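Presented below is the structure to which this report refers.
Only the coordinates and a few stated rules stand behind these numbers; no lab work does. Computed from a prediction, not measured in an experiment: that's the story for all the values here. A quick note on method: Cβ atoms are made from the backbone with ideal geometry, for glycine too, and the neighbour counts reach across all protein chains shown.
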Number of protein chains: 2
Amino acid sequence: MKAQEYPAAVLEMIAALKRMPGIGSRGAERLALWFLQQGRNEARTLAGALTRAADNVGRCPECGFFADNGCLCTACGDPARDAQLLCVVEQPTDVLPIERCGTYRGLYHCLGGKISPLDGIMPEDLALDKLTERVKAHPGCEVILAVGSDVEGEATALYLAEQLASFDCRCTRLAQGMPAGAGLGHADAVTLMRALDGRRML
Amino acid sequence: MKAQEYPAAVLEMIAALKRMPGIGSRGAERLALWFLQQGRNEARTLAGALTRAADNVGRCPECGFFADNGCLCTACGDPARDAQLLCVVEQPTDVLPIERCGTYRGLYHCLGGKISPLDGIMPEDLALDKLTERVKAHPGCEVILAVGSDVEGEATALYLAEQLASFDCRCTRLAQGMPAGAGLGHADAVTLMRALDGRRML
């Protein structure tokens with residue numbers, strides 16, 4: 001006797017859904033059954049959206065953020081932005097959190113990672129040539145090093161500051177200290193130390 | 001100044017991912033960014049799997065389980081199965097849990113729901129004609145009413161037993177009682193009552 005099983009196309013769909021992060025075997029099966037019970041259009045809608053994203057979405061040739069293939073991203077294509085202000089982030093996914101805080105009016109630069117010899121990521125793997133080219137094109141600009149505050153991020157920020165020292169630009173780093181709304185009891189020692197170091201006059 | 005935003009194709013992908021059950025705005029954005037960072041093939045793999053499932057997967061014309069378009073499902077196409085044993089379930093998704101317990105060797109019948117006047121589901125919305133046709137084709141068969149044990153399930157089971165009373169078949173119902181591995185402290189009153197009612201000699 002053969003065990004009752006899903007058709008091959010259903011098993012293939014379950015396997016593909018399971019590849020997504022945070023979706024396990026059970027979750028993938030539940031999603032696949034949901035698609036089957038919704039009728040064909042639901043699966044076709046997602047398939048179409050995925051295909052159009054794969055076909056049309058590339059990287060902005062200036063800053064490396066997501067953009068339609070061969071086009072500038074919204075920020076780089078906007079003449080109202082302050083081109084003398086360049087915020088350097090690790091990944092394109094770091095851009096929208098900064099954008100959503102609502103006060104930044106400059107441009108971005110996505111490195112594509114941070115220097116991390118243990119993971120095999122060396123300076124030549126990052127978008128540094130494009131960064132120096134952009135800094136050269138805007139003498140007197142400010143480069144905000146908004147890479148993470150972990151060990152690799154700090155190393156990357158120091159390396160970038162060194163590389164950019166010979167150009168006409170100022171390098172700054174995001175302030176480090178207490179996160180908004182957090183009590184002292186929840187802060188770790190390094191955060192508290194940096195918050196003390198960076199204390200300001202009221 | 002325009003706010004930095006994802007390209008339209010990315011927003012479309014986020015919206016399509018968000019339609020899946022259990023995936024919220026944040027989760028959909030995280031999945032979309034994951035697809036963008038994996039490169040084009042990951043999105044195309046899932047899109048292909050979804051499209052093939054939408055194109056190729058239909059229902060078994062005998063029992064209503066998932067099957068390749070126009071084909072019998074694995075169970076209905078297997079001559080080694082006991083055709084005198086028919087397990088009636090609400091949804092195709094109820095079949096594999098029974099199959100996985102490993103002892104059932106008969107066929108299945110998916111009703112497509114349970115009688116629930118409040119939700120507008122009446123007997124004529126269920127696959128009853130096909131059920132009586134199958135029962136007629138196998139005189140002396142056993143029909144296991146494996147619909148849920150909630151109010152609508154019980155009503156559906158009683159209705160089916162009545163409808164099948166004039167045919168040459170036996171209707172049975174899944175046993176009700178304590179779930180395996182559960183202590184008495186976790187059982188609700190109705191479950192305990194049914195477990196007492198159905199107690200067996202050791």
Q) Exactly one of (1) assigned to a loop (DSSP other than H, G, I, E, B); (2) surrounded by fewer than 19 Cβ atoms within 10 Å (Cβ to Cβ); (3) touching an Asp or Glu at 6+ places or on another chain (Cβ under 6 Å) is unmet by B:L85. Its number? A) (1)
Q) more than 11 Å from chain A (Cβ to nearest Cβ), out of contact with any helix residue (DSSP H, G or I) (no Cβ under 6 Å at 6 or more places or on another chain), at positive phi and without any contact (Cβ under 8 Å) to a residue 12 or more places away in the chain: does that describe B:G120? A) yes
Q | For A:R44: the one exception among (1) buried (at least 17 other Cβ atoms within 10 Å of the Cβ); (2) touching a Lys or Arg at 6+ places or on another chain (Cβ under 8 Å) | A | (2)
Q: Please work out which residue is farthest from B:A49 (Cα to Cα), limiting yourself to region A:50-64 and to residues that are buried (at least 24 other Cβ atoms within 10 Å of the Cβ) and within 7 Å of chain B (Cβ to nearest Cβ).
A: A:A53
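Yes/no per residue for (1) at the interface with chain B (Cβ under 8 Å from one of its Cβ atoms); (2) of a type in the set (D, E); (3) crowded, with 17+ Cβ neighbours inside 10 Å:
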{"position": "A:L17", "(1), (2), (3)": "yes, no, yes"}
{"position": "A:M20", "(1), (2), (3)": "yes, no, yes"}
{"position": "A:S25", "(1), (2), (3)": "no, no, no"}
{"position": "A:A28", "(1), (2), (3)": "no, no, yes"}
{"position": "A:P79", "(1), (2), (3)": "no, no, no"}
{"position": "A:E90", "(1), (2), (3)": "no, yes, yes"}
{"position": "A:C110", "(1), (2), (3)": "no, no, yes"}
(Q) Return the residues of region B:162-191 that are touching a residue at least 12 places away in the same chain (Cβ under 8 Å) and part of a helix (DSSP H, G or I); say none if nothing qualifies. (A) B:Q163, B:L164, B:T191
Q) Can you find a residue in region B:37-51 that is under 26 Å from B:S149 (Cβ atoms) and assigned to a loop (DSSP other than H, G, I, E, B)? A) no
